[in-house]
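Written below as structure tokens is the structure these notes are about.
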Amino acid sequence: MTAQDRWIHTPPRKSATFDDYAIAEIRRAAATGIYDIRGGGTKRKLPHFDDLVFLGASISRYPLEGYREKCATDVTIGSRFAKKPIELKIPITIAGMSFGALSAQAKEALGRGASAVGTSTTTGDGGMTAEEREHSKLLVYQVLPSRYGMNPDDLRKADAIEVVVGQGAKPGGGGMLLGQKITKRVAEMRRLPEGIDQRSACRHPDWTGPDDLEIKIHELREITNWEKPVYVKVGASRPYYDTALAVKSGADAIVLDGMQGGTAATQDVFIENVGIPILSAIVPAVGALQELGMHRKVQLIVSGGIRNGADVAKCLALGADAVSIGTAALIALGDNDPHLEDEYRALGTTAGAYDDWHEGLDPAGITTQDPVLSARLDPIVGARKVANYLSVMTLEAQTIARACGKSHLHNLEPEDLAALTIEAAAMARVPLAGTNWIPGADKF
């Protein structure tokens, strides 16, 4: 018997640290000398709402009967200072996504779809399009660090203003829009050269802290005669302090965006490694509002990876007033649809990867400025899909609320929840299922 015969080999095993993706990225970086840029959101597995479950009513609780007993869904945003707060029929809004990142047809479709169910949509970096304003019953105008497309006249036409400090996909980082998406119209709105990569600032040039932000918010109120609610949007990093400072600065509402939120384009390393999951951010933000006596007076809108009515209900149970969706709305429109698989493969990706947004060649006509591709999207058909999706999410949330005995979605509370993992229990501050243990509750 030879030595080779005596040696028994175990099967080859790849490293969990240096997996295929990590190795491929090292090789790509070594070959090109540049970091990877993509659109979409984080793809790593994070603690999320799936780690929470509702405790439906039984003997100790009394459920509401089917669809015969009402479960209200309305919410008012901006009642702290604004003369004309926004009245929403459902607590689900469309997040800010720019014309430039999205086609004009996509922006119109989102506005039409939101209006059909009585909720709001939001502009984005680069300003307001005429189509978006015309077909949006309730439109929130974003004021961003870049000032791209900033127009006081358009700002006055909006129903609310959102001061964007950061996004969940890149808190502390500026936006990107690559040159292939800077068409003549986009360039004119942003006052930029056509076809040149656009990088937005990571912070506002008008202020450096909460005292300056307060002055900026007063300025915006004066421009709009104190009629419009003023939101402050932050990427989830230090939600307790950011929420408290936003309240101090005079915000009517706070938009808190977790790291599962999407972006048109940024560095992959940023998307995957900066910020915290929205599940871990809601409770500290609510805690800050409660300590200041402002919970339900300053509304909290949360976003980042919200997919269905169960996610909505869980956000509200943890103390949010409303949610905002971005990626999910684009999926509802038809982005990355499997019937376009061959065309996505030609771009070097696959339907369902959602990392082609920066390319500007979306065959669905959504994340593109190519006139031939964007013409594929019918805004009326797209709006119907978005409205259907929003309606289903609302019905799902109502179904859960009724099962918990609630006559309004805002009556959901942490007591209605249990966690399936220790991590979720600690982050959401609800007991681990089957116990009364909340990990770290004494150290919050």
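The table below lists the values:
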item	result
Pairs, first more than 22 Å from Pro85 (Cα to Cα) in the range 141-159, second basic (Lys, Arg), C-beta under 6 Å, six or more apart	Pro145/Arg203; Tyr148/Arg190; Gly149/Arg190
Residue in the range 217-226 that is among the aromatic types (Phe, Trp, Tyr), out of contact with any Lys or Arg (no Cβ under 6 Å at 6 or more places or on another chain) and surrounded by fewer than 24 Cβ atoms within 10 Å (Cβ to Cβ) present	no
Criterion (in contact with an Asp or Glu (Cβ under 8 Å, 6 or more places away or on another chain), farther than 18 Å from Ser200 by Cβ and in contact (Cβ under 8 Å) with a residue 40 or more places away in the chain) met by exactly one of Ile278, Ile223	Ile278
Which numbered condition Ala353 fails, given (1) in contact (Cβ under 8 Å) with a residue 60 or more places away in the chain; (2) among the small types (Gly, Ala, Ser); (3) crowded, with 16+ Cβ neighbours inside 10 Å	(3)
Flag if Ser324 is polar (S, T, N, Q) and over 30 Å from Thr368 (Cβ atoms)	no
Any hit, the range 111-120, residues being open to solvent by less than 40 Å² (accessible area, probe 1.4 Å), of a type in the set (A, V, I, L, M), out of contact with any His (no Cβ under 7 Å at 6 or more places or on another chain) and within 18 Å of Ala264 (Cα to Cα)	no
Test: residue in the range 246-253 that is closer than 17 Å to Ser324 by Cα, within 17 Å of the chain's Cα centre (by Cα) and touching a residue at least 40 places away in the same chain (Cβ under 8 Å)	yes
Any strands (runs of 3 or more DSSP E) falling wholly within the range 47-101 and containing at least 1 residues that are closer than 25 Å to Tyr141 by Cβ and touching a residue at least 60 places away in the same chain (Cβ under 8 Å)	75-77, 86-88, 92-94
All positions within the range 129-140 that are in a loop (DSSP other than H, G, I, E, B) and modelled with pLDDT under 95	Thr129
Within the range 266-308, considering residues that are small (Gly, Ala, Ser), over 10 Å from the mean Cα position of the chain (by Cα) and surrounded by 22 or more Cβ atoms within 10 Å (Cβ to Cβ), the one nearest to Met393 (Cα to Cα)	Ala281
Options Ile23, Ile34; residue that is among the aliphatic types (A, V, I, L, M), open to solvent by 30 Å² or more (accessible area, probe 1.4 Å), at pLDDT below 95 and out of contact with any strand residue (DSSP E or B) (no Cβ under 8 Å at 6 or more places or on another chain)	Ile34
Hey, Gly78 open to solvent by less than 60 Å² (accessible area, probe 1.4 Å), on the phi > 0 side of the Ramachandran plot and touching a Pro at 6+ places or on another chain (Cβ under 7 Å) or not	yes
Residue count for the range 13-38, restricted to those that are more than 24 Å from Arg199 (Cα to Cα) and assigned to a loop (DSSP other than H, G, I, E, B)	7
Members of the range 94-106 found to be within 11 Å of the chain's Cα centre (by Cα) and open to solvent by 10 Å² or more (accessible area, probe 1.4 Å), listed by number	Ala95, Gly96, Met97
All positions within the range 329-347 that are out of contact with any Asp or Glu (no Cβ under 8 Å at 6 or more places or on another chain) and surrounded by fewer than 24 Cβ atoms within 10 Å (Cβ to Cβ)	Ile331, Ala332, Gly334, Asp337, Pro338, His339, Leu340, Glu341, Asp342, Glu343, Arg345, Ala346
Verdict on Ala130 being aliphatic (A, V, I, L, M) and open to solvent by less than 20 Å² (accessible area, probe 1.4 Å)	no
Of the criteria (1) part of a loop (DSSP other than H, G, I, E, B); (2) open to solvent by 40 Å² or more (accessible area, probe 1.4 Å); (3) at pLDDT 90 or above; (4) farther than 23 Å from Ile77 by Cβ, which one Gln167 fails	(4)
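For every residue, the table says whether it meets (1) within 23 Å of the chain's Cα centre (by Cα); (2) surrounded by 15 or more Cβ atoms within 10 Å (Cβ to Cβ).
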{"position": "Arg384", "(1), (2)": "yes, yes"}
{"position": "Ala387", "(1), (2)": "yes, yes"}
{"position": "Val392", "(1), (2)": "yes, no"}
{"position": "Gln398", "(1), (2)": "yes, yes"}
{"position": "Ala418", "(1), (2)": "no, yes"}
{"position": "Ala424", "(1), (2)": "yes, yes"}
{"position": "Ala428", "(1), (2)": "yes, yes"}
{"position": "Gly434", "(1), (2)": "no, no"}
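Results for (1) under 13 Å from His408 (Cβ atoms); (2) open to solvent by 90 Å² or more (accessible area, probe 1.4 Å), shown as yes or no for each residue.
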{"residue": "Leu52", "(1), (2)": "no, no"}
{"residue": "Ala57", "(1), (2)": "no, no"}
{"residue": "Arg61", "(1), (2)": "no, yes"}
{"residue": "Gly66", "(1), (2)": "no, no"}
{"residue": "Ala82", "(1), (2)": "no, no"}
{"residue": "Ile86", "(1), (2)": "no, no"}
{"residue": "Ile90", "(1), (2)": "yes, no"}
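The values are calculated or read from the model by the stated rules, or taken from the named source; none is laboratory data. From a predicted model like this one, the values you see are computed outputs, not experimental measurements. With ideal geometry, Cβ positions are generated from the backbone for all residues, glycine too; neighbour counts draw on all protein chains shown. To get the accessible areas, we keep the full protein, side chains included, count just its heavy atoms, and leave off ligands, DNA and RNA. Shrake-Rupley method; radii C 1.70, N 1.55, O 1.52, S 1.80 Å.
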